[in-house]
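S.K.: Take this structure first; my questions come after.
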Amino acid sequence: TSDTPAHVPLRPAVEALPPYVPGARPTSGEQLWKLSSNENPYAPLPSVVEAIARAAAETNRYPDMYATELVEALAAFVGVDPEQVVVGNGSVAVLAHLLNAVVDAGDEVVFPWRSFEAYPIAVSVAGGRSVTVPLGADGRLDLPAMAAAVTDRTRVILVCTPNNPTGPVVHADELDELLAAVPQDVMVVIDEAYLEFVRDAAVPDAVALLARHDNVVLLRTLSKAYGLAGLRVGYAIAAPRLAAGIRAVSTPFGVSHVAQQAALASLEPTAQAELMERVDALVAERARVQAALREQGWDLPDSQANFVWFPLGERTMECAAQARRAGVLVRPFAGDGLRVSIGEVEANDAFLEVAATWL
Ligand code: PMP
């Protein structure tokens, strides 16, 4: 009627979206350790900062839309054809794009839960239906249950390994069984955001899998091991036909010139070597933290990533508040558990003191 204000209706799926809660950040002036977003505690390498400065002076021009040089560098690094690589504004954008490329209204996407909180959001935005499969013991993915959840409406399965926020990896034999059980027309996305931190030898060689299964897509990022979270560079590796589909729905000019140049500088062999030494140091620090926690009496999932998971249930928010009072920002998932990133030695020590009081 005339006195009813007109509202632009949001799509019902958008009205119903769960919020994406980012890790807490210190406000200006606050001295807090930030262990809330699985970031790399090291500042970018000088060579990367130089590349950023050079690129900054050229930002009156649009970036190379297809990031040709970066795609070629990534392809050479991974050992695939450039046709198989698609970059995006963080792997979270690449995830959205690949879902948009294959999910139609009402199609199902199977993923573990709890896992990366962007999954249910990206699935709903794409028009799909989330089919969540509970984690098994010790925060591990239950791949047989995920395979059993596939129906003729399933278009995509998301396999997060290491799983964020619990930390364990999927083993090669488990993934082989899943791939054998799942129809060839279902995309199987292996989200390897924390790949470089993995030391468990039983993990699959995902690139080799890709050669055998053209429904497999790998999702990777320069946000974690490469320390470029603030610049947003992620990529997918897929069969050329799927890569072309993902590229077709990608935001035009989605990766900035500055981000492309910083990523290229990070892939230079000397930079790579230095960055992977830092990853080794973080992995050693993870081992130290896990050993200290075990010593305290904790029995936690085996994390192969740059974080640890405390299944604290109803005590989660209270523990996060206490950590903050002790100077540490962590990532609570209300009613479920706490995820604590591996950061600076002092930061980890500060959290270990908190953990000792929460057994
Ligand atoms: N996948 C997983 C499992 C993650 O934990 C994250 C970051 N939290 C991402 C993807 C996205 O990372 P980015 O968009 O920074 O590449």
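S.K.: Taking Ala96 as the residue in question, decide whether it is outside the structural domain of Pro301 (by TED's automatic domain parsing), in a helix (DSSP H, G or I), within 26 Å of Glu15 (Cα to Cα) and more than 18 Å from the chain's Cα centre (by Cα).
M.R.: Details: outside the structural domain of Pro301 (by TED's automatic domain parsing): yes; in a helix (DSSP H, G or I): yes; within 26 Å of Glu15 (Cα to Cα): yes; more than 18 Å from the chain's Cα centre (by Cα): no.
It is false that Ala96 is outside the structural domain of Pro301 (by TED's automatic domain parsing), in a helix (DSSP H, G or I), within 26 Å of Glu15 (Cα to Cα) and more than 18 Å from the chain's Cα centre (by Cα).
S.K.: With of a type in the set (A, V, I, L, M), within 16 Å of the ligand (Cβ to nearest atom) and out of contact with any strand residue (DSSP E or B) (no Cβ under 6 Å at 6 or more places or on another chain) as the only criterion, which of Val203, Val182 stands out? Walk me through how you get there before you give the answer.
M.R.: Working: Val182 fails: within 16 Å of the ligand (Cβ to nearest atom).
Just a single option satisfies the conditions, and that option is Val203.
S.K.: Looking at the range 39-64, which of its residues are exposed (fewer than 12 other Cβ atoms within 10 Å of the Cβ) and under 24 Å from Val283 (Cα atoms)?
M.R.: Those that are exposed (fewer than 12 other Cβ atoms within 10 Å of the Cβ) and under 24 Å from Val283 (Cα atoms): Ala43, Pro46.
S.K.: Sticking with this one: Among what's in the range 129-161 and is of a type in the set (Lys, Arg) and closer than 23 Å to Ala16 by Cβ, pick the residue that is surrounded by the fewest Cβ atoms within 10 Å (Cβ to Cβ). Outline the logic, then answer.
M.R.: So the first thing to find is which residues in the range 129-161 are of a type in the set (Lys, Arg), and the list is 129, 140, 153, 155.
From the residues that got through so far, the ones that are closer than 23 Å to Ala16 by Cβ too are 129, 153, 155.
Numbers: Arg129: 19, Arg153: 13, Arg155: 21.
Per the stated criteria, the residue is Arg153.
S.K.: Considering every residue within the range 166-178, establish whether at least one is part of a loop (DSSP other than H, G, I, E, B), modelled with pLDDT of 95 or more, away from the ligand (no atom under 16 Å from the Cβ) and not assigned by TED's automatic domain parsing to the domain that holds Gly337.
M.R.: So far as the range 166-178 goes, yes, one or more of its residues are part of a loop (DSSP other than H, G, I, E, B), modelled with pLDDT of 95 or more, away from the ligand (no atom under 16 Å from the Cβ) and not assigned by TED's automatic domain parsing to the domain that holds Gly337.
S.K.: Same structure again: Just to be sure I understand, how many residues within the range 111-132 are within 16 Å of the ligand (Cβ to nearest atom) and in a strand (DSSP E or B)?
M.R.: 5
S.K.: If Cys319 satisfies all but one of (1) of a type outside the set (D, E, K, R); (2) at pLDDT below 95; (3) touching a strand residue (DSSP E or B) at 6+ places or on another chain (Cβ under 7 Å), what's the number of the condition it fails?
M.R.: Every listed condition holds for Cys319 apart from (2).
S.K.: Sticking with this structure for a sec: Filter the range 223-255 down to residues that are free of Cβ contacts under 8 Å to residues at least 40 places away in the same chain and outside any loop (DSSP other than H, G, I, E, B), then give me how many there are.
M.R.: Residues in the range 223-255 being free of Cβ contacts under 8 Å to residues at least 40 places away in the same chain and outside any loop (DSSP other than H, G, I, E, B): 1 in total.
S.K.: Further, regarding this structure: Take Val216 and decide whether it is crowded, with 21+ Cβ neighbours inside 10 Å and within 25 Å of Thr151 (Cα to Cα).
M.R.: Values: crowded, with 21+ Cβ neighbours inside 10 Å: yes; within 25 Å of Thr151 (Cα to Cα): yes.
In short, yes.
S.K.: Restrict the check to the range 70-82 and report whether at least one residue is more than 16 Å from Val249 (Cα to Cα) and within 15 Å of the ligand (Cβ to nearest atom). Quick ask: steps written out before the conclusion?
M.R.: Our first condition is that a residue be more than 16 Å from Val249 (Cα to Cα); within the range 70-82, this holds for 70-82.
If we keep only those that are within 15 Å of the ligand (Cβ to nearest atom) as well, we get 70, 74.
Checked against the condition, which is being more than 16 Å from Val249 (Cα to Cα) and within 15 Å of the ligand (Cβ to nearest atom), the range 70-82 yields at least one hit.
S.K.: Next up: Among the residues in the range 100-110, are any assigned to a strand (DSSP E or B) and of a type in the set (A, V, I, L, M)? Walk me through how you get there before you give the answer.
M.R.: Applying the first criterion (assigned to a strand (DSSP E or B)) to the range 100-110 yields 108-110.
Applying the additional criterion that residues be of a type in the set (A, V, I, L, M) yields 109-110.
For the range 100-110, residues assigned to a strand (DSSP E or B) and of a type in the set (A, V, I, L, M): present.
S.K.: Out of (1) in contact with a Pro (Cβ under 7 Å, 6 or more places away or on another chain); (2) not assigned by TED's automatic domain parsing to the domain that holds Gly254, what's the single condition that is false for Gln84?
M.R.: It fails just one condition, (2).
S.K.: Any residue in the range 10-31 that is within 16 Å of the ligand (Cβ to nearest atom) and modelled with pLDDT of 95 or more?
M.R.: No, because not a single residue in the range 10-31 is within 16 Å of the ligand (Cβ to nearest atom) and modelled with pLDDT of 95 or more.
S.K.: Could you check the range 191-202 and list, in sequence order, the residues that are surrounded by fewer than 20 Cβ atoms within 10 Å (Cβ to Cβ) and free of Cβ contacts under 8 Å to residues at least 60 places away in the same chain?
M.R.: Answer for the range 191-202, where residues must be surrounded by fewer than 20 Cβ atoms within 10 Å (Cβ to Cβ) and free of Cβ contacts under 8 Å to residues at least 60 places away in the same chain: Ala201, Ala202.
The values are calculated or read from the model by the stated rules, or taken from the named source; none is laboratory data. Treat the numbers as computed from the prediction; the structure is a model and nothing was measured. Neighbour counts run over all protein chains shown; Cβ positions are idealised from the backbone, glycine included.
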